[in-house]
Amino acid sequence: MNAMALLEISGLRKDFGGLRAVSDLSFELRNGEILGLIGPNGAGKTTVFNLITGFNPPTEGQILLEGQSLIGLRPYAIVKKGIARTFQIVKPFRNLSVLENVTLATFLHEPSRSRAETKAMVTLRRVALAEKHAVSASDLTLGEQKRLEIARALATDPKILFLDEPMGGLNPTEVEGACALVQRIRQDGVTVILVEHHMKAIMAVSDRVIVLNYGVKIADGAPHDVVRNQDVISAYLGGQGP
């Protein structure tokens, strides 16, 4: 394995009956990197997240975190090893307060309630939600719920944070704030991989971009190179090149 790789994916495949959702996918994620994972609807992006985070078992392939296999581990065990994720559809505990939502995640590493709450407040400050700590999660705006979802993931002390469409449904000002938050998270020492359909945002925030089409990797490189790739242009424009 490349000594620089924090996460190594090799030969990853996922079949659902007769449908091959991911086909022979290999890539490395380096420590401190922001990696964008893009592709048309149905390209297999969320399936890749589900495979790496233990929600679906791969049909074939290997997933190594710091050289150790994650294959066969339950999602909870993978979180304990340092991989946290958000979901495309936010899933807060709607009847609990913002602070209680994040405190529950903090209990993964901190059994003391008082210390867990203190740590949860620090995490809420990181995502600019501290002033909403007593508010019920159900009363937050969509943008705030997205930040709460990120805070719950950060509260588990991840080495790698998987973000599934963190900017979906947000207005331009909120998208700008989400980009700044992703960059701050990386500055705090967390490696980030994100799926996002907001192309301008993902190209601005990512160090590197991988493009999937029908489960196959068709490009992997710097954002400015990927947007000029003819295979990528064809995938997004339905085969109609420029």
Considering segment 1-21, residues that are closer than 29 Å to residue 189 by Cβ and surrounded by 17 or more Cβ atoms within 10 Å (Cβ to Cβ), and then whichever is modelled with the lowest pLDDT, we arrive at 5
A careful count of residues in segment 25-55 that are in a loop (DSSP other than H, G, I, E, B) and closer than 12 Å to residue 195 by Cα gives 5
Check whether at least one residue in segment 156-166 is in a helix (DSSP H, G or I) and either surrounded by fewer than 21 Cβ atoms within 10 Å (Cβ to Cβ) or among the aliphatic types (A, V, I, L, M) (or both), and report yes or no. no
For segment 22-35, what are the residues that are crowded, with 17+ Cβ neighbours inside 10 Å and within 20 Å of residue 54 (Cα to Cα)? 22, 23, 25, 27, 28, 29, 35
Within segment 73-143, helices (runs of 4 or more DSSP H) holding 3 or more residues that are more than 16 Å from residue 153 (Cβ to Cβ): 113-126
Being farther than 28 Å from residue 21 by Cβ and either surrounded by fewer than 14 Cβ atoms within 10 Å (Cβ to Cβ) or touching a strand residue (DSSP E or B) at 6+ places or on another chain (Cβ under 8 Å) (or both): is that true of residue 94 here? yes
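The values are calculated or read from the model by the stated rules, or taken from the named source; none is laboratory data. Nothing here was measured: the structure is a model prediction, and the numbers come from that model. Cβ: placed from backbone, ideal geometry, glycine included. Neighbour counts: every protein chain shown.
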